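Before any comments, here is the structure.
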Amino acid sequence: MDDFIETVPSPRDDINLETTNTNTELNLGQIKSMLDEIEAMNEDDHSNIIRILEDNDINFMENDNGIFVKMNQLPIKIIKEIYDYVSDIRETKKDLETAIQSMEPSLIMDERNKSADNSNTNSQEDVNINVEDWKLAIIEKMRDQTKNKKQKRTKPTSKSSVSSS
């Protein structure tokens, strides 16, 4: 019986948290960082992590506060698979943020170019004016013209009434 206990490794032995060889194992800092990132992830990412657990027949508990997994019972292979998934999400997010940041200066330049080319009405955007915008522009122009005509009419009458008194 003692031989059996010695030959069967405990789940804790499967996880060598002190090793820094990132090819096969993770250190404690990497795992803690991964857990923090998982907490900040959205529901879809959580579903994908749950799918990893289910695909590997890992038991977990679920209640109103979330899903709980006994990390000390997870084989390093599963932890590494989850870690790789979290790393992929992190890289995708980083790439997206970089793409957005690289687009912002070009959008600012586009706005500057539009204001500089304001006199050029043959631009592609001007050709694609929405019909409703066109109608609103005409209505606004007509209102402005009507206001200007009323102001011109009222000015002479106010001067004549002042001079006659």
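Every read-out reported here was derived from the displayed coordinates using simple, explicitly stated rules and does not represent laboratory data. It should be emphasised that the depicted structure is a prediction, and the values quoted were computed from it without experimental measurement. Reconstructed Cβ throughout: ideal geometry from the backbone, glycine too, with neighbour counts over all protein chains shown.
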In nm, to one decimal, how far is the Asn42 label point from the Leu136 one, both placed 7 Å along Cα→Cβ?
2.9
Potential extension, Ile58-Glu97 segment - 0.36 nm per residue separation minus Cα distance
10.7 nm
Neighbours of Lys93 by Cβ distance under 12 Å: Lys/Arg at +1, Asp/Glu at -1, summed charge -4
Quick calc: nm separation of the 7 Å Cα→Cβ label points for Arg112 and Asp144 -> 2.7
When ranked by the protection proxy of mean other Cβ atoms within 10 Å per residue, highest first, what sequence do the peptides 54-64, 81-91 form?
81-91, 54-64
